[in-house]
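The values are calculated or read from the model by the stated rules, or taken from the named source; none is laboratory data. Please read all numbers here as calculations on a predicted model, not as lab measurements. Note that each Cβ is placed from the backbone with ideal geometry, even for glycine, and that neighbours are counted across all protein chains shown. Keep in mind that these areas ignore ligands, DNA and RNA; they rest on the heavy atoms of the full protein, side chains included. Shrake-Rupley method; radii C 1.70, N 1.55, O 1.52, S 1.80 Å.
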Amino acid sequence: MPGVVIVGAQWGDEGKGKVVDIYTEHADMVVRFAGGPNAGHTLVVGADKLVVRLVPSGILRPRSTCVLGQGMVVDPTTLAAELAELDRRGLLAGRDLWLSDRAHLILPYHVVVDTLREKGAGAIGTTKRGVGPAYEDKAARVGIHAGALADPARLRAAVEVALARWAPVVQVLGGELPSADRVLADVEPARARLAPLLRDASAIVDDALKAGKRVLFEGAQGTLLDVDHGTYPFVTSSSAVAGGACTGAGVGPTRIQSVVGLTKAYTTRVGGGPFPTELHDEVGERIRKAGSEFGSVTGRPRRTGWLDVPALRYAARVNGFDGLALTKLDVLTGLPEVKACVAYRTPRGETKEFPIDALDSAEPVYRTFPGWTEDLSKARALDDLPRAARAFVDFVSHEIGCPHFVVSVGYERDDTILLRSPFG
Ligand code: GDP
Ligand code: IMO
Ligand code: MG
């Protein structure tokens, strides 16, 4: 069954956009299965740069069908704006793009709640896109399916119920909710644009897999932001791990052929929460500059730090990685030395495990590697890498116990060492 899942192994922004775009050359369908407009996946081809939030990163390849799965939360206005931009670039002509009728809607009141909460003591640094409150509605069994976009009367009734439910919360938070008329008027242009795209996404993906088509399942966020397996409560509200591809796209685990985990050659995080290998010095600043580490959704500077091998081993476990995509190796070029956390010192002794529930009291143990100064962007095989960079790459794969499928040495499509196709 030619289904391949690609997920972030860290706190997001590992380069999923770039790697999914590369793999889509060999894929017939790309399915986003989780998250919403909190995601920002960057695609760069020549001088052209595009950041997609909701639409799958396969969108640049004309042959691929794009599907937004039922595990997603979709802000209709954001999606319609994204489609308008893609249309302007001529990327939608003659293409199949479908939205699951069981994906959940993010509506303006979700954004109001998310934004108000982020002003208060419980703020965790969300993207303020309404993602958390929309998933809350889903879990509370009062969410609104995207399918309601095809039925204005059903949509109005559901919005009225939702507003009544959120009213006391918003009152306590000291804010104001929009009226139902306002919500419906705001959503109307997007409603008309999106209604024709609604489908039973699970059936579409299943048909493709049965026909032997190659399907990529594109993760959003990353393992450490997953609601079950991440650094709770500093997480997003969705299932970002590989297992989420099955529930979020509506296919069984037997349909997945392989799982690829993405990691940068260092670590970043946006928003609050523990980050043991974070750098607060000029090295962290240098990595932020060299890697352009500023959020693609919010523009916030990303926190930067050394690679965390125990965290990656943990990610390999909870996702079942078959292969790794190591990105942004070039960003470390020019540093006199490169470090990686290989273990943690905890009150209970040293461990090679990731102490996910005791990160505040855990101290990273580092291994130091010699740096390199050579430009990596022309490397197309591991043998093209300078010896010090090659040693670091081999170390990562050895420590995680997983082969590299891709090593990325620049943001351009071509700046890539392609080692193995996940489709075999
Ligand atoms: P995503 O959310 O995982 O898709 O990642 P983002 O797009 O939010 O952030 C990754 C950033 O790194 C983007 O600006 C990419 O263009 C860029 N990028 C991806 N791979 C590489 C690489 O190997 N080297 C460099 N320098 N930039 C990269
Ligand atoms: P991609 O797909 C990095 C983070 C937010 C915040 C936490 C909760 O581009 O890798 P939310 O708005 O989801 O309720 O915020 O999760 N976060 C991300 N960080 N990349 C992302 O997506 C993220 N999506 C959410 O910064 O800490
Ligand atoms: Mg991103």
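For segment 354-411, what does the relative contact order come out to in percent, with C-alpha contacts under 8 Å and a separation of six or more? Mind dumping the intermediate values first?
Working: 23 pairs, mean separation 17.7, N = 58.
Relative contact order, segment 354-411: 31 percent.
Take every pair of alpha-carbon atoms less than 8 Å apart whose residues are at least six positions apart; their mean separation over the length of segment 192-298 yields a relative contact order of 17 percent.
With +1 on the Cβ of every Lys and Arg and -1 on the Cβ of every Asp and Glu, and nothing else charged, how large is the dipole of segment 3-50 about its Cα centre, in debye rounded to the nearest 20? Spell out each step's value before the answer.
Working: 4 positive and 6 negative charges, 26 e Å.
In debye, rounded to 20, segment 3-50 gives about 120.
Using the Cα centre of segment 1-101 as origin and beta-carbon charges of +1 (Lys, Arg) and -1 (Asp, Glu), tell me which of ALA39, LEU97, VAL19 is placed farthest towards the positive end of the dipole. Result: VAL19. Placing +1 on each Lys and Arg Cβ and -1 on each Asp and Glu Cβ, with no other charges, gives segment 90-167 a dipole about its Cα centre of roughly 120 debye.
Before I look further, what does segment 290-424 give for accessible area per residue, probe 1.4 Å, in whole square angstrom? Numbers along the way, then the final one.
Details: 6190 Å² over 135 residues.
For segment 290-424, the per-residue accessible area is 46 Å².
For segment 122-193, what is the accessible area per residue in Å², given a 1.4 Å probe and the full set of protein chains?
52
Placing unit charges on the Cβ atoms of the charged side chains and taking the dipole of segment 1-143 about its Cα centre, the candidate lying farthest along the positive direction among ALA84, VAL67, ALA139 is ALA139.
Cross-link pairs exceeding 21 Å between alpha carbons, from the set LYS18/LYS138; LYS119/LYS264; LYS119/LYS289; LYS264/LYS378: LYS18/LYS138; LYS119/LYS264; LYS119/LYS289. The mean sequence separation of alpha-carbon pairs under 8 Å and at least six residues apart, normalised by the residue count of the chain, gives a relative contact order of 20 percent. For segment 341-417, carbon and sulfur atoms together expose 46% of the accessible surface, with a 1.4 angstrom probe and every protein chain in place. Each peptide in 354-364, 13-23, 163-173 receives the mean, over its residues, of other Cβ atoms within 10 Å, and ordering these scores from highest gives 13-23, 354-364, 163-173. Using all pairs of distinct alpha-carbon atoms, the Kirkwood hydrodynamic radius of the chain works out to 21.9 angstrom.
Considering only protein heavy atoms and a probe of 1.4 Å, how much of the accessible area of segment 5-88 is carbon and sulfur, as a whole percent?
Details: 1050 of 2080 Å².
In segment 5-88, the share of accessible area belonging to carbon and sulfur is 50 percent.
Please go through segment 301-350 and write out the trypsin sites (Lys or Arg not before Pro) that DSSP classes as loop and that have at most 15 other C-beta atoms within 10 Å.
Numbers: sites: ARG302, ARG303, ARG313, ARG317, LYS328, LYS339, ARG345, ARG348; in loops: ARG302, LYS328, ARG348.
Passing both the DSSP loop test and the Cβ count: ARG348.
Basic side chains Lys and Arg get +1 at the Cβ, acidic Asp and Glu get -1 at the Cβ, and with that the dipole of segment 327-424 about its Cα centre reaches some 180 debye. From the largest down, segment 1-72 spans 33, 28, 19 angstrom on the principal axes of its Cα atoms.
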